[in-house]
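K.L.:
Following this message is one structure expressed as structure tokens.
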Amino acid sequence: MIETLIRNFPLVAAVVLMGIGLYILIFKRNLIKIVMGITILSSSVNLFLVTLGYRTGGIAPIYTDAPEGLMVLPVVQALTLTNIVIAVATSALILSLVIRIYRHTGSLDSKKSRRMKG
Amino acid sequence: MSKIVRTVANQLMLFVLVFGLYVIMHGHVTPGGGFQGGAVIASGVVMLIVAFGSGQIKKSLRERRLSLVESSGALLFILVAFAGIGTVFFYNFLVGSRIFGGIPPTGSNPGDVWTGGVIPLMNLGVGLKVIAGLSAAVLALALFSSGEEME
Amino acid sequence: MATLIEHSSILIIAVPLLIAFLTPLIGMASKKARNAVVIVGLSFVAFLVFALARDVILNGIHTYTLGATSPSLTIPEGAMMPIRIILEVDGVSVFMGIVVAIVSLVAVVYSLSSMKGETGQNRFYTLLLLMVAGAFGMVFTGDLFNLFVFLEITSISGAALVAFKTRFADSQEGGFKYIVVSAVASLMVLFAISLLYAQYNLLNIGALAAAMQYTMLDRIALVILIAAFAMKLGGVPMHMWLSDTYSVAPVSITVLLITVSQASMYALMRIGFILYGVTLDLAVVGWIIIAIGILSMFIGVTMAVRQTDITRLIAYNCVCESGFMLVGFGVGLAVLGNHTALRTYGTTAISGAIFHMINHALFEGLLFLVAGAIFYRIGTRDLNRMGGLGHTMKFTAAFFLLGALASSGLPPFNGFASKILIYESVYQFNPVLTIIGILVSIITLAVFVKAFFSAFTGAVLPKYEDIKEVPKTMIAAMTIFAVIIIIFGLFPGLIVDWIVRPATDALVDQASYINTIMGAIP
Amino acid sequence: MTLIAESGYEFWNPIIWLITFAVVMVIVYFFRKRGVEKYKKGEDQTKIFLCGEEVPGAEQRQVRGGNVYWGFFETLKEYYDGIVRLHTGIVNDYVVWFVAVMAISAIILLIVKLVG
Amino acid sequence: MRQFFAWLCLIVLMVFLVIGGFKMIHPFGEPPSAMDQYIIDNSQKEAGSNNVVAAVVFDYRGFDTLGEATVLFAAVTGVLLVLRAGAKKEEA
């Protein structure tokens, strides 16, 4: 059991990071902190993806002057690249919306700045 | 910012541009690619915004021009993808042809820029798009939060 | 023509993207040219969709391997599994494609006059086209990660469009809620996809379905996928963003958001029926979906009764209607393993749910367009400040009545035709569900009686005496929906035979979906 | 052909429904015709009569949308109090519900695995 | 009340995911690699690119990259749309 934990520690670390992101999204009322929580969540998914592709003693999947050895999986790295760009785009859009909300309501608190309920 | 910062940023921007273009155009040989290089140059633009203030940058970087460059980059990308539709959408039709058509020897090799088929073209399109897009987004955020708005 | 059909599945996704990238450049030159290009492009896409639907219904599943040496080469030589991204279009996909095509055309026609005088129209049409392209991609792709990417496209463009009217505070708030919810949901979807990738090193739905072993990690991935897509389609108790978002968006965008939610429901069904298919504990997963559906029906309609904001009222009714579909699909999923039950009533339930999807998009879209027309004229969405509009806005009132009757399942409109299928089949599965459904339909009628009564009837209020009928193009857009609703109501048998049956057969037939991909192993 | 009768319980044919509807409409028209001669325009019978009081304007006569179904809400007061309190428009709560649904359905699936 | 409920759900979910981390069929360092190995072996022949990741991003999974570029395009357009000038007077 415990050696499984040691062996799979990177995967568990990604899960813990995801827990931190969800914690921020649940308990922090500040809109900027919500954006941070989403970014942390996507970083945890990125970490998980890259971790999946690692082979013990693997080298980067680039043939230019490559040393001998097994190459790590390239597809997960491509997926991670895609997800990073998507996270950047999402946070840019959310931040612009947060600025507008602050201009309108003068508050960054997700409870004070809400207009619609029920 | 102070005069020193502005001067240094001015000089540094040249190297940032060169490095970013290098990363973009060597994306199929070495680590990097359109997104990475575009992010490098966009961060250079952010440096200029920090140094000179967004109002100054707004005079030289018009939003119209930025969206023009961004759309043209995206168009280059999707048109290169369309060009392969004679066979299949996204078909790498340039491998073995005269443009970027070199095929590297299998296994570890010193690397050759004149390979990759459509990949360098797509890198270029994505690079243009990322430069213009990120710069426009950051500039718009900076301008709006500093009170004045984009045209 | 044959070549066009062969490439149609990718053209349907790529042509809107191309026009979206072109729109800012054309819009700088002239507005009329931009509108013409958008409408012509979307009409061409709709034509392609119908041609592709005919081809798929006649000749079976249509695959397109991107970047291969031939479109039908799903698995290259020397490999045992698909390497590239494959578009796999079967009956359900073309059905959803038809829905998206119709609704997007109507939305653009409506926007032509309802967006007049607003600033930033170039970007509006660009994002609208991106949203349409994302919806098409979600329903046509056969690759899980590609599904995630298109989900993100629809989420981001949708959030920006919801916040289009930047002078209102609540529209900004609705856009913020929508993007936060969508970002969290799609990130969890990506986490589930990576869980599947970690075990099978595959991303193609068909190949994954062939390799699925239903281990512990598969269960966790299934849970995350169900929850995330249920959140995206607004199932109770994750429906609260929906009323906040639908009620503040421009209505032509709300109509598209409905189809995006339908695409999320399509993804949920694709995952339940095809990806996990017969390997999962069908009864349990089916009952989870049925529970979400029952909650959506009841809470959605009871919350709709007490709303005084007309678009919020219709939005809560959307939650209620999607509950009907979830119940139908859940019953079909619960009996998927049991062949006699599936043949006696399971397929009927699935057909009712699928038929209700297009009906839902039609009549809820019509109701939202009517609400937008009222807002366009009198500038308020508050039912307390309306009254007597029926005297001056006759067409609008008639359209609202039509949509309301269809939505509450009164004969002879299409809502009744699909709801009776659900009632009959679900009654054989569990009578209580049918009783709840009929009760909910009655309360739905009460909801719309309230809305119609307080908005259109009564004497003409003095402040609304000079209100005129809405412009011609908005009337035209509503007329399209109304005509389709009446046709679907009068000839339900034809529609069921033509497009709903093939969709149902494609959804319950996991083997052919897998063989279309994996059958080509050399 | 325009017949949906999968279950055999009953069938639904819009054409037959329309014919029935038309017949009913004809009957209704006859009833209306019998009353319509007695109706004369421009007399007291076309005016609103409110116990002799003078009739208030349209604004006052109009029943507001918020006042419809008042008794319904009074009867279901407890239910509505509970259900409306859950609809806090706070975005954090939406994420809480999402996590809750994931947790609950995960528990259900695990129990099923342990039992079966 | 809400705090307790949220903590409970979060902890339950995290426990499930950590158990999933233990239960990984293929432990860290030895992933299944049939598809990726095919790409690693053939990227130079088919895509003519030394950088296997670039080959994946632009050739094998180029459609995802098109979608990704579209996402960035949509986000930038959305930012410029939300922060546009000339919107009519603001109502809180």
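K.L.:
Kindly indicate whether C:F176 is within 7 Å of another protein chain (Cβ to nearest Cβ) and either free of Cβ contacts under 8 Å to residues at least 24 places away in the same chain or not in a helix (DSSP H, G or I) (or both).
P.N.:
yes
K.L.:
May I ask you to verify whether C:D466 is among the charged types (D, E, K, R) and within 30 Å of C:L342 (Cα to Cα)?
P.N.:
Answer is no for this residue.
K.L.:
Look at the stretch B:31-51 and say how many of its residues are in contact (Cβ under 8 Å) with a residue 40 or more places away in the chain and surrounded by 18 or more Cβ atoms within 10 Å (Cβ to Cβ).
P.N.:
So the answer is 11.
K.L.:
Given the criterion touching a Phe, Trp or Tyr at 6+ places or on another chain (Cβ under 6 Å) and closer than 22 Å to D:L86 by Cα, identify the matching residue among C:A353, C:A291, C:A304.
P.N.:
When all the criteria are applied, what remains is C:A304.
K.L.:
Here's another thing I want to ask about it. Need the failing condition index for C:N59 against (1) in contact with a strand residue (DSSP E or B) (Cβ under 8 Å, 6 or more places away or on another chain); (2) more than 14 Å from every other protein chain (Cβ to nearest Cβ), just the number.
P.N.:
All conditions pass for C:N59, except number (1).
K.L.:
Now a separate question. Take B:P120 and decide whether it is touching a strand residue (DSSP E or B) at 6+ places or on another chain (Cβ under 6 Å) and either in a helix (DSSP H, G or I) or within 12 Å of chain A (Cβ to nearest Cβ) (or both).
P.N.:
Taking the combined requirement at face value, the residue does not satisfy it.
K.L.:
Kindly provide the set of residues from the stretch A:100-118 that are surrounded by 19 or more Cβ atoms within 10 Å (Cβ to Cβ) and either within 9 Å of chain E (Cβ to nearest Cβ) or not in a helix (DSSP H, G or I) (or both), ordered by number.
P.N.:
Selection gives A:R100, A:H104, A:S110, A:S113, A:R114, A:M116.
K.L.:
Out of everything in the stretch A:1-26 that is more than 7 Å from chain E (Cβ to nearest Cβ) and over 17 Å from the mean Cα position of the chain (by Cα), what residue ends up being modelled with the lowest pLDDT?
P.N.:
Here the answer is A:M1.
K.L.:
Another question, if that's okay. Check off (1) in a loop (DSSP other than H, G, I, E, B); (2) in contact (Cβ under 8 Å) with a residue 24 or more places away in the chain for C:D466 and give me the number that stays unchecked.
P.N.:
(2)
K.L.:
Being of a type in the set (S, T, N, Q) and open to solvent by 10 Å² or more (accessible area, probe 1.4 Å) is the filter; apply it to the stretch C:384-418 and report the residue that is farthest from the other protein chains (Cβ to nearest Cβ).
P.N.:
C:T392
K.L.:
Same structure, new question: Please work out which residue is farthest from the chain's Cα centre (by Cα), limiting yourself to the stretch B:123-136 and to residues that are open to solvent by less than 10 Å² (accessible area, probe 1.4 Å) and within 13 Å of chain A (Cβ to nearest Cβ).
P.N.:
Ranking the qualifying residues of the stretch B:123-136, first place goes to B:A136.
K.L.:
Another one. For the stretch E:12-37, how many residues meet the condition of being assigned to a helix (DSSP H, G or I), at the interface with chain A (Cβ under 9 Å from one of its Cβ atoms), open to solvent by 20 Å² or more (accessible area, probe 1.4 Å) and farther than 13 Å from C:T215 by Cβ?
P.N.:
Adding up the residues that qualify gives 3.
K.L.:
Is it the case that the stretch E:41-61 has a residue that's more than 7 Å from chain C (Cβ to nearest Cβ), among the acidic types (D, E), open to solvent by 10 Å² or more (accessible area, probe 1.4 Å) and touching a residue at least 12 places away in the same chain (Cβ under 8 Å)?
P.N.:
Yes; the residues of the stretch E:41-61 include at least one that is more than 7 Å from chain C (Cβ to nearest Cβ), among the acidic types (D, E), open to solvent by 10 Å² or more (accessible area, probe 1.4 Å) and touching a residue at least 12 places away in the same chain (Cβ under 8 Å).
K.L.:
Moving on to the next point. Just checking: which of the helices (runs of 4 or more DSSP H) contained wholly in the stretch C:301-419 hold 1 or more residues that are more than 22 Å from C:T479 (Cα to Cα)?
P.N.:
So the answer is C:310-334, C:347-378.
K.L.:
Okay, moving on. In the set B:T115, B:T106, which member is among the polar types (S, T, N, Q), farther than 18 Å from B:V18 by Cα and open to solvent by less than 30 Å² (accessible area, probe 1.4 Å)?
P.N.:
Matching residue, one of B:T115, B:T106: B:T115.
K.L.:
Another question, if that's okay. Mind checking which helices (runs of 4 or more DSSP H) fall wholly inside the stretch C:192-281 and carry at least 3 residues that are surrounded by 24 or more Cβ atoms within 10 Å (Cβ to Cβ) and among the polar types (S, T, N, Q)?
P.N.:
C:251-269
K.L.:
Additional query: Given (1) open to solvent by 20 Å² or more (accessible area, probe 1.4 Å); (2) over 24 Å from the mean Cα position of the chain (by Cα), identify the lone condition not met by C:A68.
P.N.:
(1)
K.L.:
Here's something else I'd like to know. For the stretch B:83-117, which residues satisfy the criterion of being closer than 22 Å to B:G38 by Cβ, more than 7 Å from every other protein chain (Cβ to nearest Cβ) and not aliphatic (A, V, I, L, M)?
P.N.:
Scanning the stretch B:83-117 gives a single hit, B:F100.
K.L.:
Somewhere in the stretch C:482-491, is a residue open to solvent by 30 Å² or more (accessible area, probe 1.4 Å), of a type outside the set (S, T, N, Q), out of contact with any helix residue (DSSP H, G or I) (no Cβ under 9 Å at 6 or more places or on another chain) and without any contact (Cβ under 8 Å) to a residue 40 or more places away in the chain?
P.N.:
yes
K.L.:
Something else now. Quick one: how many residues across the stretch D:20-44 are part of a helix (DSSP H, G or I) and either open to solvent by less than 100 Å² (accessible area, probe 1.4 Å) or in contact (Cβ under 8 Å) with a residue 12 or more places away in the chain (or both)?
P.N.:
Qualifying residue count, the stretch D:20-44: 12.
The values are calculated or read from the model by the stated rules, or taken from the named source; none is laboratory data. Small disclaimer: the values here were computed from a predicted structure and weren't measured. A quick note on method: Cβ atoms are made from the backbone with ideal geometry, for glycine too, and the neighbour counts reach across all protein chains shown. Ligands, DNA and RNA are excluded from the accessible area calculation, which covers all protein heavy atoms including side chains. Shrake-Rupley method; radii C 1.70, N 1.55, O 1.52, S 1.80 Å.
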